[in-house]
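S.K.: Please read through the structure below; I'll follow up with questions.
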Amino acid sequence: MNSLMENPVKKSLTIIAEALERAISYEEYLALVSELAQANSNSGPEKTEALANYTQLNDRRMKRWNKTLKVSDEARALAEALNRKVTWLVLTESWCGDASPSLPVMNKLAQLNQRLDLKIVLRDENPELMDLFLTKGARSIPKLIALDSSTLQVLGEWGPRSTVPTKMVLDHKAEHGKLTAEFKQDLQVWYNKDKGQDIINDLMTLLALK
């Protein structure tokens, strides 16, 4: 590999390594969201009543998901069979509606194998990292980056939504041009009915990577 190709790779590795140093655990993230919710605030530089309200909703949703989420036998077997150390580094913010169902799923899977380490960073505090993992040019969250824990090699990525809601969003945007408040509510209803299974199915693909 020539020097022109090496430099971008080295820069990306440096950005990832520095983000991991700032990363927090799922438990620390839950505490942060709860603290922000109680203070009627939100993460990120923009503080608004709407974002604070979404943070409060997410606080309640994640606490509920932590108690009720069930992992399929197939997903459990894949997680338990993981034979190398992998880090799931996730970019998110307290107000992100799609993060509230997906982060508890990631945590449940990570709890099944000590080799799987879940770490979380805030998007707006890590713009360089976010810009390495854009979705169709956008800073969409949550974004999960699967890494070899030893080399920081990127094994795969996921986000911001699982397969079914991704199609729901694309279809709605095609018809209405944007995501309406009513659609966002319908999406949360879908998440509740699905009970995290579509997210689990997607993440099983990451668990199966060698």
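The values are calculated or read from the model by the stated rules, or taken from the named source; none is laboratory data. Since we're looking at a predicted model, the values are computed, not measured. Ideal geometry is used to build each Cβ from the backbone, glycine not excepted, and the neighbour counts take in all protein chains shown. Accessible surface is based on the protein model in full, side chains and every heavy atom, while ligands, DNA and RNA are left aside. Shrake-Rupley method; radii C 1.70, N 1.55, O 1.52, S 1.80 Å.
S.K.: Determine whether segment 23-44 contains at least one residue that is among the hydrophobic types (A, V, I, L, M, F, W, C), under 28 Å from ILE200 (Cβ atoms) and assigned to a loop (DSSP other than H, G, I, E, B).
M.R.: yes
S.K.: Which of (1) closer than 30 Å to LEU116 by Cα; (2) open to solvent by 90 Å² or more (accessible area, probe 1.4 Å); (3) at pLDDT below 95 is the odd one out, the single condition GLU35 does not satisfy?
M.R.: Going through (1) closer than 30 Å to LEU116 by Cα; (2) open to solvent by 90 Å² or more (accessible area, probe 1.4 Å); (3) at pLDDT below 95 one by one, GLU35 breaks only (3).
S.K.: Of everything in segment 97-130, what is assigned to a helix (DSSP H, G or I), open to solvent by less than 10 Å² (accessible area, probe 1.4 Å) and out of contact with any strand residue (DSSP E or B) (no Cβ under 6 Å at 6 or more places or on another chain)? Give them in sequence order.
M.R.: The answer is SER100, PRO101, SER102, LEU103, PRO104, VAL105, LEU109, LEU129.
S.K.: Just name the residue that is nearest to ALA146 (Cα to Cα) out of those in segment 1-18 that are open to solvent by less than 100 Å² (accessible area, probe 1.4 Å) and modelled with pLDDT of 90 or more.
M.R.: Of everything passing the filter in segment 1-18, ILE16 is nearest to ALA146 (Cα to Cα).
S.K.: I would also like to ask the following. Read through the list (1) modelled with pLDDT of 95 or more; (2) closer than 28 Å to ALA39 by Cα; (3) out of contact with any Ser or Thr (no Cβ under 9 Å at 6 or more places or on another chain); (4) hydrophobic (A, V, I, L, M, F, W, C), then give the number of the only condition that TRP95 fails.
M.R.: (3)
S.K.: Take LEU179 and tell me if it is closer than 18 Å to MET106 by Cα and of a type in the set (A, V, I, L, M, F, W, C).
M.R.: Against the criterion (closer than 18 Å to MET106 by Cα and of a type in the set (A, V, I, L, M, F, W, C)), LEU179 does not qualify.
S.K.: I'd like the full set of residues that are open to solvent by 50 Å² or more (accessible area, probe 1.4 Å), more than 24 Å from ARG64 (Cβ to Cβ) and of a type in the set (A, V, I, L, M), limited to segment 152-207.
M.R.: VAL154, LEU170, ALA174
S.K.: Continuing with this model, one more query. Output yes when any residue across segment 64-72 is closer than 26 Å to TRP190 by Cα, of a type in the set (S, T, N, Q) and open to solvent by less than 20 Å² (accessible area, probe 1.4 Å), and no when none is.
M.R.: No, because not a single residue in segment 64-72 is closer than 26 Å to TRP190 by Cα, of a type in the set (S, T, N, Q) and open to solvent by less than 20 Å² (accessible area, probe 1.4 Å).
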